Amino acid sequence: MECNCKNNQKPTLLDPTIDLELLEPTLIRYGNEKGSLIPILQKAQDLYGYLPVDLLVYIANRTGVRPSKVMGTVSFYTQFRSKPVGKHLILLCQGTACHVNGSGEIETAIKDYLKVEEGEITEDGLFTYNNVACIGCCSLSPVFMIGDKSYGYLTKESTVEVLKKIQEEEAL
């Protein structure tokens, strides 16, 4: 396999929406800095929404970090995603307090309303939901986060209301 860089050709990834030029300033700034892998991965995920394998190989090649270490880092930390997600990522807490206070019913309400299973993207591309071990809002249980906003004391009804409101705002 020949490196595209030698021919002054831009590498291409399987996902055509990933513009590697957007990541270039970060790679130039941190690419040779020891201990900078996580900030590079965070920036890449911020830019592209997820971290596909071919992007991870590209980052490994650019930083000189072994591909196995890059992929191991992504698989170890739950903040990183290797699959695309909807525009709004729902993080549903399944910690002890949330579990005891009904997170299972909230998960059922999400699945029934959005017609998706965990990790899937809704047909309209708006939502993905994932279960997480703990959000750290135990006093609000059951709780989920969408973006940087927490929604607590959830019921089946309030869960559907939150999702409907987001859909309505997106339709404007």
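Observations
- If you go through region 88-114 and keep only what is under 15 Å from residue 136 (Cα atoms), more than 21 Å from the chain's Cα centre (by Cα) and in a loop (DSSP other than H, G, I, E, B), you end up with just 101.
- Only one entry in 132, 65, 74 is out of contact with any Ser or Thr (no Cβ under 8 Å at 6 or more places or on another chain) and not charged (D, E, K, R), namely 65.
- Within region 15-54, tally of residues that are part of a helix (DSSP H, G or I) and among the acidic types (Asp, Glu): 4
- Of all residues in region 135-156, those satisfying the criterion of being in contact with a strand residue (DSSP E or B) (Cβ under 6 Å, 6 or more places away or on another chain) and outside any strand (DSSP E or B) are 135, 137, 143.
- There is at least one residue in region 40-52 that is over 30 Å from residue 123 (Cβ atoms) and either surrounded by 19 or more Cβ atoms within 10 Å (Cβ to Cβ) or assigned by TED's automatic domain parsing to the domain that holds residue 19 (or both).
- Residue list for region 136-150, filter: more than 25 Å from residue 168 (Cβ to Cβ) and either of a type in the set (A, V, I, L, M) or exposed (fewer than 13 other Cβ atoms within 10 Å of the Cβ) (or both): 136, 139
- Residue among 108, 78, 155, 159 that alone is closer than 22 Å to residue 50 by Cα and of a type in the set (Ser, Thr, Tyr): 78
- Single residue of 92, 126 found to be of a type in the set (A, V, I, L, M) and either crowded, with 18+ Cβ neighbours inside 10 Å or out of contact with any His (no Cβ under 8 Å at 6 or more places or on another chain) (or both): 92
- Only one of the listed residues (85, 70, 57) is surrounded by 14 or more Cβ atoms within 10 Å (Cβ to Cβ) and either assigned to a loop (DSSP other than H, G, I, E, B) or among the polar types (S, T, N, Q) (or both). That residue is 85.
The values are calculated or read from the model by the stated rules, or taken from the named source; none is laboratory data. None of these values were measured; they are calculated from a predicted model. Cβ: placed from backbone, ideal geometry, glycine included. Neighbour counts: every protein chain shown.
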